[in-house]
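Here the structure is laid out as structure tokens; the discussion comes afterwards.
The values are calculated or read from the model by the stated rules, or taken from the named source; none is laboratory data. On a predicted model such as this, the values are computed, not experimentally measured, just so you know. Don't worry about glycine lacking a Cβ; one is built from the backbone with ideal geometry, like all the others, and counts go over all protein chains shown.
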């Protein structure tokens, strides 16, 4: 049994959140944990809906390494 079996990482895709996401992924790798990511956006900010262009593309490859 690992220390953390599942790790939930919440992100808004901002640069300010990047370090926290990277640290969560490092902890998951160290502990052999599964990573779950919740992408949060302000629906009133005028950002496009979908995976492209929202800033979350950089997390998917890092989480699958």
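Only residues that are at pLDDT below 70 and surrounded by 15 or more Cβ atoms within 10 Å (Cβ to Cβ) were counted across segment 40-59, and they come to 3. One residue stands out among those in segment 12-39 that are surrounded by fewer than 12 Cβ atoms within 10 Å (Cβ to Cβ) and part of a loop (DSSP other than H, G, I, E, B): the one that is nearest to the chain's Cα centre (by Cα), which is 14. A count restricted to segment 24-33 and to residues that are touching a strand residue (DSSP E or B) at 6+ places or on another chain (Cβ under 6 Å) and closer than 20 Å to residue 13 by Cα stands at 2.
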